[in-house]
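Undergrad: Please find one structure pasted underneath; my questions will follow.
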Amino acid sequence: MTTITAPGTASARTDLALRPHRAAAVVPAAPAFDHAFPEDFDSVFEGSSTQRSTIGCVIPAYNEEESIAAVIEGLLAQTRVPDVIHVVVNNTSDATVQVASQYAGPHEIVTELGEQFTEVFVHDIGKNPDKKVGALNYGYSLVEGYDYLLGVDGDTVAENRAVENLETEIISDSRIGGISAIFTIDNTFRGLASFLISGQRSQFAAFNLQNLLRGRNMAVLGGQFSVFSTHALREVMAQNHQSTPWVRDSEVEDSLLSLQIKSAGYLTKISPIARADVGGMTTLASLDAQQVKWTYGAIELMWPGQRGDTKGQPLHPNLRIRWFENFGMLTNLFVRIAFVLLLAGSLSLNAFVFSPVWLIPIGMAVMLNVRMALTMHSRTYKDILFALLIAPAEIYMWIRLSHFARAWARFLSKKKVDNWAMQAKAEKGGGSGHWAPLVVTIAVLVTLAVIWMLLGPVAQSTILWIGWPIVGVVTVLQTLMMFTKLIRRQHGYKV
């Protein structure tokens, strides 16, 4: 294992031990974040103190040579610079260490908040079987003496006031165990990559807005750009008999930690103004691997008693939103598959009659998508077109449904799969499992078509007579749900 440190220093751990611990300043008055809407936040922040707690930043990095420089520069350009920055490189096969090492050493920075000092350390921990979790825990061991831990992914660049805004809120309320920035993805791509990024931007926007409207409760404190109270992390470790905050056997280490922080009695929040651009998935294979891993990990947490090392708590506040998401995806899958089958059956009998009423759900979906696009803080014409044109959003929904089906199939098969390794392989261009749902769907449709032709006219008519009303009722309920979301107040939030 090699550790690269700033010239003239012994090691990151030694530096931490010798660094005097600065107590957080007393805040004159706690801003009323819980009851403030976006239009009130400027005045809230103007009257609040932002300095001086201590923040240790940890950047787990795996093959991030193309983005790590921008990430570090983004942190050094913050109005509130972290007191120390540890880049923890693991399992890398590119030049991440060499690029990051150019920034190693002390930095004296003058911002509008005054003179600030930080030091950048780069650690190459070599082959690490625990992957990102191992890098995070290694970083935690270096900053556990600080008041707060800022976790930043190796491809995330935040707006220059992000750290300041997150710190201001978390020190204003001792009940907050962690707070996350609003995440989006910069769409500068073309072709298929641009389409996939537009879909992910819409997906992220819906997730962020949902959390903001739920009292700014953040179900998942994403590792992309979040601040954690180290006191809360220590309580989580004690309550769960863990030696580290993050555990290596979870597919969604950030979701599990968020759940544990909430169970320890702390709040998990999302900031209404701190923002960060994260790296998106630009290929079908990499998007499939990421989304399947996320969904599979969420199912593990949702399923009662599934994980042997944690108690089953499917109705935990942080998991209720997961149940709703999965139920919604199941409903979407049923309606689309049933509609295609019933439409094909009706056409085969020359019994298809078009009704303009069927356009109402489509129109409602388009209006909801457009409203979501207009809610985006950094929306572009691509986001508007993605929402207005029916085809892009519908195709992306089918892609998401394939991820949903793959994750549940993998979970129910009880087959042990290293989803982390599969995602890494997909991001390198390997793997073809993302085509499996399409192949299975085609095979099932062919089989059903053969069965349909073997049925008599009476049986075929009976199926259509029963099937269409069921699909109609479910579609009406979905349309009502979309209408409820469409008219719901958004309080000026921008995602």
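Undergrad: Count the lysine pairs in the range 317-487 whose Cα atoms lie under 30 Å apart, taking only pairs 8 or more positions apart in sequence or on different chains.
TA: Going through the range 317-487 pair by pair, I get 9.
Undergrad: Using alpha carbons only, how many angstrom separate the centre of the range 458-495 from the centre of the range 386-418?
TA: After rounding, the separation between the Cα centres reads 20 Å.
Undergrad: Can you pull out the trypsin sites (Lys or Arg not before Pro) in the range 429-495 whose DSSP state is coil and whose Cβ has at most 12 other Cβ atoms within 10 Å? Write out the running numbers ahead of the final one.
TA: Working: sites: 485, 488, 489, 494; in loops: 488, 489, 494.
Those that pass, being in a loop and sparsely packed, are 488, 489.
Undergrad: When every alpha-carbon pair in the range 353-422 is counted, what percent end up more than 14 Å apart? Could you put the intermediate results ahead of the total?
TA: Details: 1723 of 2415 pairs.
In whole percent, the share of Cα-Cα pairs in the range 353-422 beyond 14 Å is 71.
Undergrad: Along the range 209-224, what does the Karplus equation 6.51 cos²θ - 1.76 cosθ + 1.60 (θ = phi - 60°) give for ³J(HN,Hα), rounded to whole Hz, x for Gly and Pro?
TA: Those phi angles translate into 5, 4, 5, 5, 7, 9, x, 6, 6, 9, 5, 10, 7, x, x, 4 Hz.
Undergrad: Among 404, 463, 390, flag the residue with its Cα farthest along the positive direction of the charge dipole of the range 317-487, charges on Cβ as +1 for Lys/Arg and -1 for Asp/Glu.
TA: Value computed over the given set: 404.
Undergrad: Taking the simple approach of a point 7 Å from Cα along Cα-to-Cβ for both residue 303 and residue 454, what is their distance in nm?
TA: 3.3
Undergrad: Now for a separate question. Sticking with the crude label model, points 7 Å out along Cα→Cβ, report the distance from residue 244 to residue 357 in nm, one decimal please.
TA: The two pseudo-label positions are separated by 5.8 nm.
Undergrad: Also, I was wondering about something else. Counting other Cβ atoms within 10 Å, keep those with at most 13, restrict to DSSP loop, and tell me which GluC sites (Glu not before Pro) in the range 74-168 are left.
TA: On the way: sites: 108, 112, 115, 119, 144, 159, 164, 167; in loops: 112, 144, 159.
Those that pass, being in a loop and sparsely packed, are 112.
Undergrad: Determine the gain in length on full extension of the stretch residue 465-residue 346; use 0.36 nm per residue of separation and subtract their C-alpha separation, reporting nm with one decimal.
TA: Values: separation 119, 0.36 × 119 = 42.84 nm, distance 1.02 nm.
Using 0.36 nm per residue and subtracting the Cα-Cα distance, I get 41.8 nm.
Undergrad: Still on this structure, I have one more. Would you work out the charge dipole size for the range 289-413 about its Cα centre, treating the Cβ of every Lys and Arg as +1 and the Cβ of every Asp and Glu as -1, and quote it to the nearest 20 debye? Before the final figure, lay out the partial values.
TA: Values: 12 positive and 5 negative charges, 51 e Å.
Roughly 240 debye for the range 289-413.
Undergrad: Follow-up. Enumerate by residue number the trypsin sites (Lys or Arg not before Pro) in the range 112-145 meeting two conditions: DSSP loop (anything except H, G, I, E, B), and at most 14 other Cβ atoms within 10 Å of the site's Cβ. Provide the component values of the computation, followed by the final result.
TA: Working: sites: 127, 131, 132; in loops: 127.
Passing both the DSSP loop test and the Cβ count: 127.
Undergrad: Given the options 473, 362, 376, identify the residue whose Cα lies farthest towards the positive end of the charge dipole of the range 317-487 (+1 on Cβ of Lys, Arg; -1 on Cβ of Asp, Glu).
TA: So the residue furthest toward the plus end is 376.
Undergrad: Moving to a separate point now. Could you tell me how far the Cα centroid of the range 228-293 sits from the Cα centroid of the range 92-134, in Å?
TA: 21
Undergrad: What full-extension length gain, to one decimal in nm, is calculated for residue 234 and residue 477 as 0.36 nm per residue of separation minus the Cα-Cα distance?
TA: Numbers: separation 243, 0.36 × 243 = 87.48 nm, distance 4.51 nm.
Here the answer is 83.0 nm.
Undergrad: Moving on to the next point. Along the Cα→Cβ direction, 7 angstrom out, place labels at residue 487 and residue 193. What is the inter-label distance in nm?
TA: Here the modelled spin labels are 4.4 nm apart.
All of the numbers you see were taken from the coordinates with simple rules; none came from a lab. Just so it is clear, the model here is predicted, and its values are computed rather than measured. Methodologically, a virtual Cβ is constructed for each residue, glycine included, from the backbone with ideal geometry; neighbour enumeration extends over all protein chains shown.
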